[in-house]
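Just so you know, all these numbers are worked out from the coordinates, no wet-lab data involved. Owing to the predicted nature of the structure, the values given are computational and were not obtained by experimental measurement. With ideal geometry, Cβ positions are generated from the backbone for all residues, glycine too; neighbour counts draw on all protein chains shown.
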Amino acid sequence: MSDVLVKAEGVTKKFCKSIKHLMFYGMADIGRDMLGMSSKTDELRSNEFWANENISFELRRGECLGLIGPNGTGKSTLLKILSGIISPDKGQVEIRGRVGALIQLGAGFHPILTGRENIYINGSILGFSKKEIDKKFDKIVDFAELQDFIDTPVKHYSSGMHVRLGFAIAAQMEPDVLLIDEVLAVGDAGFRAKSFNAITEISRNAAVIFVSHTMPMVARICSKVMVMAQGQSIYQGEDVPFGIEEYFGLFQQEKTQVIGKQTVKLLNITINGIADPKAVSKIYYLDDLVIELEYLMEEYTDEYSVSIAIFDKTLRCVAQALSRAVGKIFKNSNKKQTLKIIIPRQILNVGTYSLSIHFVANSSGDGYRGDKILTHFQAIRSFKVGGHIVGHAPIQLEAHWEHQ
Amino acid sequence: MKSRPNRESERVVIYEPNHILKAGIRVWSEMFYELIDSWGLVWRLVVRDISARYKQSILGILWTFLNPLILMFTFIWLKGTNVLPIGETAMPYAAFVFFGQMVWLLFSKGVMTSADSLVTAGTMLTKINFPREVLIFSAVGQTIFEFLIRIPLLLIVFVFAGFMPKLSILLVPFVLLPLLFLVIGLGFFVSLLNGMIRDVGNILGIIMNLGMFATPVVYPAPTSWPMSFLVNVINPVSGFLSAARDLTTVGYLTAPMIYVSSVILSLLLFFVGWRFFHLVEPKIAERI
């Protein structure tokens, strides 16, 4: 079960930026073809650029390759080449077995026709006979959960229903090679979970290439990853978390923002002793994380509390610490103050995180109600947890394992 | 070389630059098998387009009758008032015009629907891999369907005009079969050109409007030089139309040589067009 199903060698594709050139080049190429001369495909003419440059990889049955990269870096182009919609300008693609491509769900749906009619049309576009579709029809409808609307014209479907129907048809194809573009993002949470289960199931018996911007999903279902930037592959391998880190490294850091009443002036901040805002502090799993703050506060409030929040690269808040939660309320001395926050044996997974700090005025009331945010320093600094990644959850709990 | 999912799952496909050119003579068998494989899809698309077209209309299929009927009455009137001095025709004029219209529309609508077929396929073309020839065949399929449903109306026109066709009218479909090759062959070329330059579709509309008058649709085939040469010999549609009319009225072909040369031209155009389409179409998908 480990035969190579997809093999790409030096795949290169160029595109044209201007439509006038495009028409002209198109005619020139066609003219050459007609005369039986091979088109010169390996050099750029003016106004052309490489959409894919020298991409090589191999994928076996049972593997799932995550294709990630910023917008416009040639991921979809690569999928189109792999599915044979466009041909490469250089290099070679070899594909073994039946290919299912989900580059755009519902491409080929006719808006006026009903869901039932469209299942048959789409099925035959994907290469099925009527008999095969007959057999799979009920499964498709069940999967799409469209029993009540199967005889409604597709143009009255919501975009989620559209996606569900399209995916349901493709999921029943039992392909050897499955190419999926970022198409599932439209569905609701339930359907997304369902489709990911379906993909996982298919990938057990097929080679799957999965384009996505949803990194947690990539981390969950991919066994390999390729990071693309400007048409080139900048990382590929089985270290999926590393690839995801590389992907996030391609983007600008989140900008520091100061929100709220500017009653707090942050003078200095150090993370594990490093104060230089340009240097990134690096710590390891189960190290202590020590944050020291030095600040001035106006006489706006007598008492206040402080909280910190830690965000990962997807801007998801993965951990918080609130001083009030442990009953720590600080008195405002109206002078320069310092605060040392120690988080012992930190359990964040490997990666880069950004830190936000809130200063909150304390109300005399019960609980947190009535507390006012004084100042909120968002993404004030970032730090790195180094080492070897284990697992893909942002928090890796330190458990006691008792084995007998 | 398409990766259309196939029954045999252990099939290997290779995509590389100019892979169709490199295939050489082998490409013909490939093209042929691909077409046989996708026949079901052609049928599906024909059914799809027809049912979609008539679904949101009250008159539905009646629209197919309206066009040739209006034209028929227009020319009956023009002839009757002697605005257009059209000589004697072999069958009553109403039947003559309607019959001519049916053959002409089979040709002109067929070519024009195929011309738009790649453009209207839209996302299907850029997101799904399937043999694109299917689009041309299904476009022509629609036109054939329209031709077929006009037949009962033609018979009604025959009855009203008091015309009794020869039994050899049953051979007309066979005589017109090569015309379909002409339509598809032209369709291959114009659909690609229209995919790249949209002017082609507009120009084609004008050519078809004029073309009807360069074909003996509303007047009998001219017999005197140079018109006879221009209309009957240069224009391949005339050969088919005249042959079909001959079979309906006299029972044999009055100009078999012209008919045969039209057939040869049609087949030639079909195969050259098919080969051209197969070669160029991958370049169109990324440019449409």
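The angle between the Cα long axis of helix A:19-34 and the longest principal axis of the Cα atoms of chain A comes to about 40 degrees, rounded to the nearest 10.
Over segment A:176-216, what relative contact order in percent results from Cα pairs under 8 Å that are six or more residues apart? Don't jump to the answer; show the numbers that get you there.
Numbers: 28 pairs, mean separation 27.6, N = 41.
Value for segment A:176-216: 67 percent.
With contacts taken as Cα pairs under 8 Å and at least 6 residues apart, chain B reaches a relative contact order of 24 percent. When the charge dipole of chain B is built from unit charges on Cβ atoms (+1 for Lys and Arg, -1 for Asp and Glu) and taken about the Cα centre, the candidate among B:SER57, B:SER228, B:MET164 whose Cα reaches farthest toward its positive end is B:SER57. Note on chain B: Kirkwood radius taken over Cα pairs, Stokes-Einstein applied at 10 °C and 1.306 mPa s, translational D equal to 77 µm² s⁻¹. Under 5 Å from the amide H of A:GLY108 lie the amide H atoms of B:MET124, each residue being 5 or more positions distant or on a separate chain, with H modelled from the backbone and absent for Pro and chain starts. Give me P(r) over segment B:165-288, computed from all C-alpha to C-alpha distances, binned every 10 Å, as integer percentages. Over segment B:165-288, the share of Cα pairs per 10 Å bin runs 13, 36, 32, 15, 4, 0 percent. Here chain A is assigned +1 on the Cβ of each Lys and Arg and -1 on the Cβ of each Asp and Glu. Its dipole about the Cα centre then comes out at about 600 debye. Simple point charges give the picture: +1 on the Cβ of Lys and Arg, -1 on the Cβ of Asp and Glu, and for the protein assembly as shown a dipole about the Cα centre of about 820 debye. Applying a DSSP loop filter and a limit of 11 other Cβ atoms within 10 Å to the GluC sites (Glu not before Pro) in segment A:278-320 leaves A:GLU299. What pairs in A:LYS90/A:LYS130; A:LYS90/B:LYS127; A:LYS155/A:LYS313; A:LYS14/A:LYS384; A:LYS255/A:LYS336 have C-alpha atoms more than 28 Å from each other? Exceeds cut-off: A:LYS90/A:LYS130; A:LYS155/A:LYS313; A:LYS14/A:LYS384. I'd like the orientation of helix B:199-211 relative to chain B: the angle between its Cα long axis and the longest Cα principal axis, in ° from 0 to 90, rounded to 10. Helix B:199-211 sits roughly 20 degrees off the main axis of chain B. Scalar couplings 3J(HN,Hα) for segment B:117-127, obtained by applying the Karplus form with A = 6.51, B = -1.76, C = 1.60 to θ = phi - 60°, are 4, 5, 5, 6, 5, x, 5, 4, 6, 8, 10 Hz; x denotes Gly and Pro.
What order do you get for A:SER223, A:SER382 when you list them from fewest to most C-beta neighbours inside 10 Å? Working shown, then result.
Working: A:SER223 15, A:SER382 19.
By the 10 Å Cβ count, ascending: A:SER223, A:SER382.
Let me have the 222 nm mean residue ellipticity of the protein assembly as shown computed from DSSP H runs of 4+ only, each contributing -39500 (n - 2.57), with the sum over all residues rounded to the nearest 500.
Working: 19 runs with 293 residues, N = 692.
The helix-only estimate for the protein assembly as shown comes to -14000 deg cm²/dmol at 222 nm.
Sites listed here are GluC sites (Glu not before Pro) in segment A:43-137 whose DSSP assignment is loop and whose Cβ has at most 15 other Cβ atoms within 10 Å: A:GLU43. The phi-based Karplus calculation (6.51 cos²θ - 1.76 cosθ + 1.60; θ = phi - 60°) puts the 3J(HN,Hα) values of segment A:381-386 at 8, 10, 9, 10, 9, x Hz, whole numbers, x for Gly and Pro. Note down the nm distance, to one decimal, between modelled labels 7 Å out along Cα→Cβ at A:ASN272 and at A:ILE347. With each label placed 7 Å out from Cα toward Cβ, I get 1.9 nm. Take each residue in A:83-96, count the other chain C-beta atoms within 10 Å of its C-beta, and the mean is 6.
Remark: B:ILE61, A:ILE357 ranked as B:ILE61, A:ILE357, counting other beta-carbon atoms within 10 Å and listing the fewest first.
With a cut-off of 13 Å on the backbone N, the residues of segment A:331-366 near the modelled label site 7 Å out from A:GLU294 along Cα-Cβ are A:336-340. In this structure, the amide hydrogen of A:ASN332, modeled 1.01 Å from its nitrogen in the peptide plane, lies closer than 5 angstrom to those of A:GLU303, A:TYR304, counting only residues at least 5 positions away or on a different chain.
Extents of the protein assembly as shown, taken as max minus min of Cα coordinates on every principal axis and listed largest first, are 115, 56, 54 Å. Inter-chain neighbour count for B:270-279: the average number of beta-carbon atoms from partner chains within 10 Å of each residue's beta-carbon is 1.
Over 25 Å apart at the Cα level, from the set A:LYS80/B:LYS109; A:LYS194/A:LYS224; A:LYS265/A:LYS328; A:LYS7/A:LYS224; A:LYS282/A:LYS340; A:LYS335/A:LYS372, are A:LYS80/B:LYS109. When exposed loop sites are taken as chymotrypsin sites (Phe, Trp or Tyr not before Pro) in a DSSP loop with at most 10 other Cβ atoms within 10 Å, the longest stretch of chain A clear of them is A:1-250. Ranking A:THR301, A:LEU289, A:LEU250 by how far each Cα lies toward the positive end of the dipole of segment A:249-305 (charges on Cβ) leaves A:LEU250 at the top.
Go through segment B:108-212 and name the trypsin sites (Lys or Arg not before Pro) that are in a DSSP coil and have 15 or fewer other Cβ atoms within 10 Å of their Cβ.
Working: sites: B:LYS109, B:LYS127, B:ARG132, B:ARG150, B:LYS166, B:ARG198; in loops: B:ARG132, B:LYS166, B:ARG198.
Those that pass, being in a loop and sparsely packed, are B:LYS166, B:ARG198.
Ordered by the number of other Cβ atoms lying within 10 Å of each residue's own Cβ, fewest first, B:LEU269, A:LEU397 fall into the sequence A:LEU397, B:LEU269. Take the Cα of A:GLN230, step 7 Å toward its Cβ, do the same at B:LEU267, and the gap between the two points is 5.7 nm. Potential lengthening of the chain between A:ARG316 and A:LYS130 amounts to 62.3 nm, from the contour at 0.36 nm per residue minus the alpha-carbon distance. Residue-wise HN-Hα couplings along segment A:147-158, as the Karplus relation 6.51 cos²θ - 1.76 cosθ + 1.60 with θ = phi - 60° gives them from phi, are 3, 7, 10, 5, 9, 9, x, 4, 5, 8, 6, 6 Hz; Gly and Pro carry x.
Once backbone amide H atoms are built at 1.01 Å from N, A:THR375 has A:PHE359 as its partners under 5 Å, excluding neighbours fewer than 5 places away on the same chain. Build a GNM of chain B with springs between Cα atoms under 10 Å apart, and of B:THR223, B:THR249, B:THR64 the one that fluctuates most is B:THR223.
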